[in-house]
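Since the structure comes first, as structure tokens, the remarks are kept for the end.
The values are calculated or read from the model by the stated rules, or taken from the named source; none is laboratory data. These figures come from a predicted structure and were not determined experimentally. All Cβ positions, even for glycine, are placed from backbone atoms using ideal geometry, and neighbour counts span all protein chains on display. Please note that ligands, DNA and RNA were not included when accessible areas were found on the heavy atoms of the full protein model with its side chains. Shrake-Rupley method; radii C 1.70, N 1.55, O 1.52, S 1.80 Å.
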Amino acid sequence: MKSIESIIELMVDVPDFPKPGILFKDITPVLGNHEAFVSLARQFYRSLEKPEEVSKIVAIEARGFILGAALAQHINAGLVLVRKPGKLPRERLSHTYDLEYGTDTLEIHKEDISPGDKVIIIDDVLATGGTAKATCDMCKKLGAEILGLHVLLEIEALKGREKIDVPLHVLAKC
């Protein structure tokens, strides 16, 4: 199994994407490396305190979908997608929030989370925390108990952690 350090080394920094001044952390090389990808799923599994209590994995678009699906193979939980506007066909809950380069909106199917569901939220990177906070807010509004936010990488200088009021599990920091 690859260490988290060797997994992080596979990530590629892409300057000025999606806008000038942003340094994008690209995880696609990790996904393209079978051993790294399997190891990453196992690392996420090990970060769960009580995997048997999780009823839903809430995955944030788009890389969170991949990580959430990989983790779902290891636990008995459903996968719920949090998407950009216009991508979900049924009744949705929407939330607009600020991010490091503007504003954005996320949506979730209202019926995918029920009051009392115990969820974990998963994404690749925690930057300013806007996307993660918006997802947490939607889950809470739908009545879920959030067991934790799990991310591959936290960019500490952007202080996204300060916006998060649920248990945060970070595999690596930069």
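Restricting attention to segment 32-41 and to residues that are open to solvent by 40 Å² or more (accessible area, probe 1.4 Å) and under 20 Å from Glu61 (Cβ atoms), the residue that is nearest to the chain's Cα centre (by Cα) turns out to be Phe37. For segment 22-37, does any single residue satisfy the condition of being touching an Asp or Glu at 6+ places or on another chain (Cβ under 6 Å), modelled with pLDDT of 95 or more and over 22 Å from Leu153 (Cα atoms)? Looking through segment 22-37, none of the residues is touching an Asp or Glu at 6+ places or on another chain (Cβ under 6 Å), modelled with pLDDT of 95 or more and over 22 Å from Leu153 (Cα atoms). Looking only at residues in segment 3-22 that are farther than 18 Å from Asp104 by Cα and among the aliphatic types (A, V, I, L, M), which one is least open to solvent (accessible area, probe 1.4 Å)? Across segment 3-22, the extreme among qualifying residues is Ile7.
Against the condition open to solvent by 40 Å² or more (accessible area, probe 1.4 Å), modelled with pLDDT of 95 or more and out of contact with any Ser or Thr (no Cβ under 7 Å at 6 or more places or on another chain), how does Leu71 come out, does it pass? Here the answer is no, as Leu71 does not meet what is asked.
I need the strands (runs of 3 or more DSSP E) fully contained in segment 1-110, keeping only those with at least 1 residues that are touching a residue at least 12 places away in the same chain (Cβ under 8 Å), touching a strand residue (DSSP E or B) at 6+ places or on another chain (Cβ under 9 Å) and closer than 18 Å to Ala132 by Cβ.
Working: elements: 12-15, 23-26, 56-60, 78-83, 92-99, 102-109.
It comes to 23-26, 56-60, 78-83, 92-99, 102-109.
Between Asp117, Asp137, the distinction of being surrounded by fewer than 20 Cβ atoms within 10 Å (Cβ to Cβ), of a type in the set (Asp, Glu) and out of contact with any Gly (no Cβ under 6 Å at 6 or more places or on another chain) belongs to Asp137 only.
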